[in-house]
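These notes concern the structure reproduced below.
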Amino acid sequence: MINLIKNFITGSISLLKGLLVTLKNIFAPTTTIQYPTQKLKMTERYRGLVDLRRDKCISCLQCVKICPTACLALTSKLTEEKKKALESFTYNMELCCFCGLCQQVCPTSAIYMNKIYEVTTYDRKKLYINLLDPEKYVAWTSAVPK
Amino acid sequence: MEDSLSAQSMKKDIYTEEFLINMGPQHPSTHGVLSLECRLDGEIVMDCTPHLGYLHRSMEKIAENRTYTQFIPFTDRLDYVASINNNLGYCMTVEKLLKMEVPERAQYIRVIMAELNRIASHLIGIGAFAQDLGAFATPLFYGFRDREKILEIFDEICGNRLTYNYIRIGGVQSDFPEGLDKKINEFIKYMKLKIDDYDQLLTNNAILLARSKNIGCLSKEVAINYSITGPNLRASGIRRDIRKDAPYLVYDRFEFDVPLGANGDAWDRYKVRVEEIRQSLRIVEQAIHALPPGNPTSKANRIHKPQAGEVYVRTENPRGELGFYIVSDGSATPYRLKIRGPSFSNLAVLPELVKGLKIADIICILGSLDIVLGEIDR
Ligand code: SF4
Ligand code: SF4
């Protein structure tokens, strides 16, 4: 019986001590944001979806070679001035692990990762992206706060 | 003789039977997809067998088909709570194989990142442990809140929040952006205050003590026999920390203590983690003040072709000793890569610890062992 009372008292005291911490936190500034209405700005180095600056690409295949999941594929042809021109450049987002190796190895910073992070879709086909299409990401919600 | 007779006559009155239940693979307290097959006598656990393999992704085989640089993102997915530490272990192994020097600034940055990630991992560890004991949501979300500060720092440095892929062979991905040291210093100040909050909320809480003191005592002999490492081993009172015993990077230049437990019970394992957060903060503080100038980055597009040979490197992960063993045949891909994940042996000891205890204690002990299934199944 005495033990029970003792346990009850020590339990209550430590409960109150714990509640003191939670009380302190009730009056602390909030750390969360109301997500769909409020959005955070992504950091400068944020690794979102893979994107391409078409005019800068020299078809050197570095990005294709480094990609650990083989989700990039490109074909090119020689132009009359003996330069390589892109014919197709596809990106399979389904496989991409957002490692950022492709953007690190690109000698001309043609391939880069943008700030889009809301990347869910009901249609699997939408995950196969043609990087040469200038409007490819228009349908994805832009994560940049307005 | 008489005893067994009376036991037999009892059996006639009340028919009892041992029964088997499966805990998991979809169970909130098994920290991932782990299945525990428990043989129970009422509420008492007679035996418990962990079943693994639900998260097996064949990492070691994948490594044989990837170049040395390409495998770095895969190491992120081993112990996904402490990705930087996995990156680090792997890259250090390849560097040893290549006999490569790493710039001093990169070494300091690696220490800072590894220790910050250790703090983040321990915050999840103690938060999940408290959650498993029934302190629903509050401690876990306090842990997440404080971990978020670290993730913000990581996000600024490398652009990702969980699978960082930051360490490169021979350096790191990118230098610290401007003004980051200030942010880290602020975090250290913030975290030092918050740690006291955890102490007040959890460490000496009577309910937590009642639930975890003298539960799942791991003796020194058993710990060594099962090759337990990391905080779980130190909680049993064995001073073993690779950062001290065989210092790698620049750990020998910093002052820090190795926190030890006394009994090796669940509470000691919890307490060691809390103390380790304090020590990690000390290391980060010293490292950020001594950060030398220079260029820490290394190019990712080089194809590394090491000489034929084999190396084994171990590093101190938040969960214990992480080892990478690579055999090279001189080509651009490893001939064989073996990962020694600390959580695997830490889980192996679970059946020893839970025998004879109540079923609720399984959850307490499993929480205190702080395993990550991604690393066990690989
Ligand atoms: S981020 Fe990584 S996985 Fe994705 S395309 Fe680039 S290299 Fe490939
Ligand atoms: S690495 Fe850059 S320049 Fe080379 S093919 Fe890829 S995107 Fe084009």
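The values are calculated or read from the model by the stated rules, or taken from the named source; none is laboratory data. Because the structure is predicted, anything quoted here is derived from the model rather than measured. Cβ: placed from backbone, ideal geometry, glycine included. Neighbour counts: every protein chain shown. Note: areas computed on protein heavy atoms with side chains; ligands, DNA, RNA excluded. Shrake-Rupley method; radii C 1.70, N 1.55, O 1.52, S 1.80 Å.
Averaged per residue, what accessible area in Å² does segment B:77-146 show with a 1.4 Å probe, protein chains only?
With the other protein chains kept in place, segment B:77-146 gives 26 Å² per residue.
Could you work out, residue by residue across A:61-68, how many beta carbons of other chains sit within 10 Å of that residue's beta carbon, and then give the average as an integer?
3
With no solvent and one point on each alpha carbon, what is the Debye value of log10 I(q)/I(0) for segment A:50-143 at q = 0.25 Å⁻¹?
Log-scaled intensity ratios, in q order: -1.49.
What does the accessible area of B:Ser219 come to, in Å² to the nearest 10, when a probe of 1.4 Å is used?
For B:Ser219, the solvent-accessible surface is approximately 50 Å².
What shape does segment B:246-362 have by the C-alpha gyration tensor, where a ≥ b ≥ c are the square roots of the eigenvalues, rounded means a/c under 1.5, and otherwise prolate means a/b greater than b/c and oblate the rest?
Because a/c hits 1.5 or more and a/b fails to exceed b/c, segment B:246-362 counts as oblate.
Quick one: which bits of segment A:88-130 get at least 30 Å² less accessible when the partner protein chains are in, versus the chain alone, with a 1.4 Å probe?
For segment A:88-130, once contacts with the other chains are taken into account, A:Cys97, A:Cys99, A:Leu101, A:Gln104, A:Val105 lose 30 Å² or more.
Given Cα pairs under 8 Å that are at least 6 residues apart, what percent is the relative contact order of chain B?
Once divided by the residue count of chain B, the mean separation gives 26 percent.
Measure of size requested: the Rg and Dmax of chain B, with Cα atoms as the atom set and Å as the unit; please supply both.
When restricted to the Cα atoms of chain B, Rg and Dmax are 22.2, 81 Å.
Is there a simple number for the mean count of other chain Cβ atoms within 10 Å of the Cβ of residues in B:133-146, and what is it?
1
To check you understand DSSP bridge types, tell me what percent of the beta bridges within segment B:9-377 (both residues inside) are antiparallel, rounded to 5.
In segment B:9-377, approximately 95 percent of DSSP beta bridges are antiparallel ones.
Can you pull the percent of the protein assembly as shown's accessible area that's carbon plus sulfur, 1.4 Å probe, other chains left in place?
56
Taking the Cα centre of segment A:50-143 as origin, sum charge times position over the Cβ atoms of Lys and Arg (+1) and Asp and Glu (-1), and report the length of that vector in debye to the nearest 20.
So the dipole magnitude of segment A:50-143 works out to roughly 220 debye.
Restricting to DSSP loop positions (anything but H, G, I, E, B) with no more than 15 other Cβ atoms inside 10 Å of their own Cβ, which trypsin sites (Lys or Arg not before Pro) remain in segment A:1-56?
A:Lys41, A:Arg53
Please state the shape class of segment B:240-292: rounded when a/c is under 1.5, otherwise prolate if a/b exceeds b/c and oblate if not, all from the C-alpha gyration tensor.
Because a/c hits 1.5 or more and a/b fails to exceed b/c, segment B:240-292 counts as oblate.
Count neighbours as other Cβ atoms within 10 Å of each site's Cβ, and list the trypsin sites (Lys or Arg not before Pro) in segment B:84-149 that are DSSP loop with at most 13 such neighbours.
Counting only loop positions with at most 13 other Cβ atoms within 10 Å, the trypsin sites (Lys or Arg not before Pro) in segment B:84-149 are B:Lys99.
Identify which of A:Gln34, A:Gln104, A:Gln62 has the largest mean-square fluctuation in a Gaussian network model of chain A, with springs joining Cα atoms closer than 10 Å.
A:Gln34
Here are some pairs, B:Lys213/B:Lys244; A:Lys115/B:Lys192; B:Lys61/B:Lys299; which of them have Cα atoms lying more than 31 Å apart in this structure?
A:Lys115/B:Lys192, as the Cα separations exceed 31 Å there.
Which whole-angstrom value gives the distance between the alpha carbon centres of segment B:181-225 and segment A:110-138?
Centre-to-centre distance over Cα atoms comes out at 43 Å.
Mind jotting down the distance between the C-alpha centroids of segment A:63-99 and segment B:94-169, whole Å?
Cα centroid of segment B:94-169 versus Cα centroid of segment A:63-99: 32 Å apart.
Go ahead and set up a Gaussian network model of chain B, Cα springs under 10 Å, then flag whichever of B:Met92, B:Met100, B:Met113 fluctuates most.
Among B:Met92, B:Met100, B:Met113, the largest mean-square fluctuation in the Gaussian network model of chain B belongs to B:Met100.
Would you mind putting B:66-77, B:41-52, A:128-139 in packing order, based on average other-beta-carbon counts within 10 Å, highest first?
Final packing ranking: B:66-77, B:41-52, A:128-139.
Based on alpha-carbon positions alone, could you give the equivalent ellipsoid semi-axes of the protein assembly as shown from the gyration tensor, as √(5λ), descending, whole Å?
Semi-axes (√(5λ), whole Å): 45, 26, 25.
Rounded to the nearest 500 deg cm²/dmol, what is the calculated helix-only ellipticity per residue at 222 nm for the protein assembly as shown, with -39500 (n - 2.57) per DSSP H run of length n ≥ 4?
Result for the protein assembly as shown: -12500 deg cm²/dmol, rounded to the nearest 500.
Classify segment B:268-328 from the C-alpha gyration tensor, please: rounded if a/c falls under 1.5, else prolate or oblate depending on whether a/b exceeds b/c.
Oblate shape, in that a/c is at least 1.5 and b/c is the bigger or equal ratio.
Which ³J(HN,Hα) values in Hz, rounded to whole numbers, follow from the phi angles of segment B:223-239 under the Karplus curve 6.51 cos²θ - 1.76 cosθ + 1.60, where θ = phi - 60° and Gly and Pro get x?
So the J values, rounded to whole Hz, are 4, 5, 4, 8, 6, 6, 9, x, x, 5, 6, 5, 5, 7, x, 9, 7.
Taking every pair of distinct Cα atoms and averaging 1/r, then inverting, what Kirkwood hydrodynamic radius in Å comes out for segment B:178-263?
Hydrodynamic radius (Kirkwood, Cα only) of segment B:178-263 equals 15.9 Å.
Can you give the average number of partner chain beta-carbon atoms within 10 Å of each beta-carbon in peptide A:38-51, as a whole number?
Mean partner-chain Cβ count within 10 Å for A:38-51: 3.
Which of the GluC sites (Glu not before Pro) across segment B:216-287 are loop residues per DSSP, with 11 or fewer other Cβ within 10 Å?
Passing sites in segment B:216-287 are B:Glu255.
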